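What follows is a short report on a single structure.
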Amino acid sequence: QVQLVESGGGLVQAGGSLRLSCAASGRTLSWYAMGWFRQAPGKEREFVAALTWGGGSTVYANSMKGRFTISRDSAKKTLYLQMNSLQPEDTAVYYCAAARSISGTLYQSNDYGYWGQGTQVTVSS
C-alpha cells in the first residue's frame, strides 16, 4: 500500500508562514519525483514546486520563487513545503504528489500517479 498524507495547513494572516508536511508510506523506493500542487476555489489545479527524490533537484512555479521552499527528509520519507510571505491568493487546498517517472518537466500533473488528500491553507487579509 502506498499513501501520501499531508499536514500543516491552517489559517494565517497575510504575511505569515506555514510549513506543510507530506509523509509517505508503503513501497516508495522507485519514486522519482515528489511535488506540491494546489487548487483554489473555482480554479484548476496549479503546480507549486517539485523535487527529484534521489538528486534533490528542485523546480518552482514563478509566482512561488523567493517565498516557498521545497525540501525533503529521505530518512523519514517526508516532503516539506515552507511557505513564507503568504498572501490571500495563496488560499487553496495543497496536495502532495509522487511520480515514478516523468516525461520531461516536473510541473506536469499528469506525470504524478500518487496523490494525498490535501490540506487546506487559508490566508486572511
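The values are calculated or read from the model by the stated rules, or taken from the named source; none is laboratory data. What you see is a predicted model, and the numbers here were worked out from it, not measured in a lab. Positions of Cβ are backbone-derived with ideal geometry, glycine not excepted, and every protein chain shown enters the neighbour counts. Ligands, DNA and RNA are excluded from the accessible area calculation, which covers all protein heavy atoms including side chains. Shrake-Rupley method; radii C 1.70, N 1.55, O 1.52, S 1.80 Å.
Looking at this structure, is residue 19 farther than 17 Å from residue 110 by Cα and not in a loop (DSSP other than H, G, I, E, B)? So that I can check it myself, show each step before the final result.
Values: farther than 17 Å from residue 110 by Cα: yes; not in a loop (DSSP other than H, G, I, E, B): yes.
Considered against the rule, which asks whether it is farther than 17 Å from residue 110 by Cα and not in a loop (DSSP other than H, G, I, E, B), residue 19 comes out as yes.
Any idea which of 92, 75 is hydrophobic (A, V, I, L, M, F, W, C) and at pLDDT below 95?
Details: 92 fails: at pLDDT below 95.
75 is the lone residue from the list that is hydrophobic (A, V, I, L, M, F, W, C) and at pLDDT below 95.
Quickly run through the stretch 40-60 and pick out the residues that are under 11 Å from the mean Cα position of the chain (by Cα) and of a type outside the set (A, V, I, L, M).
Within the stretch 40-60, 46, 47, 60 qualify.
Looking for whichever is open to solvent by 50 Å² or more (accessible area, probe 1.4 Å), out of contact with any strand residue (DSSP E or B) (no Cβ under 8 Å at 6 or more places or on another chain) and farther than 13 Å from residue 118 by Cβ here; the options are 30, 17. Which one fits?
Every option except 30 fails the conditions.
Looking at (1) crowded, with 17+ Cβ neighbours inside 10 Å; (2) free of Cβ contacts under 8 Å to residues at least 40 places away in the same chain, find the lone condition where residue 44 falls short.
(1)
In the stretch 47-73, how many are open to solvent by 60 Å² or more (accessible area, probe 1.4 Å) and either touching a helix residue (DSSP H, G or I) at 6+ places or on another chain (Cβ under 9 Å) or small (Gly, Ala, Ser) (or both)?
5
Does residue 117 fit the bill of being closer than 28 Å to residue 11 by Cα and outside any strand (DSSP E or B)?
Answer is yes for this residue.
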